[in-house]
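Values quoted throughout were computed directly from the atomic coordinates according to the rules given, and no laboratory measurement underlies them. Remember, predicted model here, so these are calculated numbers, not experimental data. Cβ placement follows ideal geometry from the backbone for every residue including glycine, while neighbour counts extend to all protein chains displayed.
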Amino acid sequence: MSAIRSGRPARRGRLGGLRALRWAAVVVIAVLFSFPLYWVVVTAFQSHGSTLSIPPNFVPALHTGPFLYVTEHTDWLHYMLNTVFIAGTTVALVIATSAMAGYALAELPFKGRGVVFFLILAVIMLPAQALLIPQYAVALHLHLLNTYAVQIVPFAASTFGVILFRQFFKGLPRAYWEAARLEGVGHFRYIWRVALPLARPAVVTVALLTFIGSWNQFQWPLIMTTSASIQPIEVALSHYMQTFEANWRKLTSAVLLALVPVVVLFLLLQRHIVAGVAGRDSGVNS
């Protein structure tokens, strides 16, 4: 008995040491990943003479002049409105198409349903860059180049959204559909009135990830558009790099202004992402 009792404190000590090592690793990784963003904040708020000072100043000086210049002397607001319109429309289309496709794969029996599902899974494996040339040719022949449509329509369906909605809909009790059918409710009304409200974590997850992906689009609009009047904020930042040249304060200020909406939205909705991606109904079932 005495040996067992003496072994318990040693085991607790080892577990405590492992826990401390894990927390130390988490802190180190968090610092490594967050330091570039923190340095952008420091540079944006730095005074003019301290931007490239040696040794560097790691404490922001809270100078707001570069932010005022970006908002007053550039088309920043126009680019932001373009991005909000493109991202918002893409989110609405993705929710609609993903919900209907996910419901069909989960609830509607039809021949080849499993094959269709695995073909959708296979799309994830295709690198987007490999499809740029044929997609550009299609957009050219459809006269979609340099339009809002070319920045929205190709992203109106999401393989991740279809898969996630399918998993949530498969977890809904069949009795819900039976009760709705007795009330004369069809499949479309059932999706929008019953299934989607119950799958709110999936809706929020797909909407937020789609919004962030659309907001951060750079390569596609850079290739498919040439007019600044319809381009999003990420392309504008590349223009700002040429306009501001070595003025890092103005450039990092523009970066922060473009980043703030996404960060705020993510912080507000991050718990729904955890519920949607890591919830009990989020596993992939064939």
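Tell me, what HN-Hα J-couplings in whole Hz come from the Karplus equation 6.51 cos²θ - 1.76 cosθ + 1.60 at θ = phi - 60° for each residue of the stretch 150-156, using x for Gly and Pro?
For the stretch 150-156, the Karplus-derived couplings read 5, 8, 10, 4, x, 10, 6 Hz, x marking Gly and Pro.
Let me spell out the model: positive unit charges on the Cβ of Lys and Arg, negative unit charges on the Cβ of Asp and Glu, origin at the Cα centre of the stretch 66-177. What dipole size does that give, in debye rounded to 20?
That gives a dipole near 700 debye.
Sort 215-224, 108-117 by the packing proxy (mean of other Cβ within 10 Å over each peptide's residues), most packed first.
Working: 215-224: 17.6, 108-117: 10.5.
Sorting 215-224, 108-117 by mean packing, highest first, produces 215-224, 108-117.
Which helices pass in the chain if a helix is a full DSSP H run, must span at least 24 angstrom along its long axis by Cα, and must have mean Kyte-Doolittle hydropathy not below -1.0?
Answer set is 2-44, 76-107, 248-277.
Go through Ile54, Val116, Ala130 and say which Cα lies farthest out towards the positive end of the charge dipole of the chain; charges sit on Cβ, +1 for Lys and Arg, -1 for Asp and Glu.
Val116
Hey, for a label at Gln242 modelled as a point 7 Å past Cα toward Cβ, could you say which residues of the stretch 72-95 have their backbone N under 18 Å away?
Correct set: 74-76, 79.
Using the Cα centre as the reference, give the magnitude of the dipole from point charges on the C-beta atoms of the chain (Lys, Arg: +1; Asp, Glu: -1; all else neutral), rounded to the nearest 20 debye.
Approximately 1760 debye in magnitude.
How much length is gained on full extension from His48 to Phe33, taking 0.36 nm per residue of separation minus their Cα-Cα distance?
Working: separation 15, 0.36 × 15 = 5.40 nm, distance 2.63 nm.
So the chain would gain 2.8 nm between His48 and Phe33.
Mind giving me the nanometre distance, one decimal, between the label points for Leu265 and Ala179, set 7 Å out from Cα along Cα→Cβ?
3.4 nm
PRE reach from Ala61 (point 7 Å along Cα→Cβ): which of the stretch 249-270 fall under 12 Å by backbone N?
249
For Thr226 and His73 in the same chain, what is the full-extension length gain: residue separation times 0.36 nm, less their Cα-Cα distance, in nm? Numbers along the way, then the final one.
Details: separation 153, 0.36 × 153 = 55.08 nm, distance 2.14 nm.
Result for the pair: 52.9 nm of gain on full extension.
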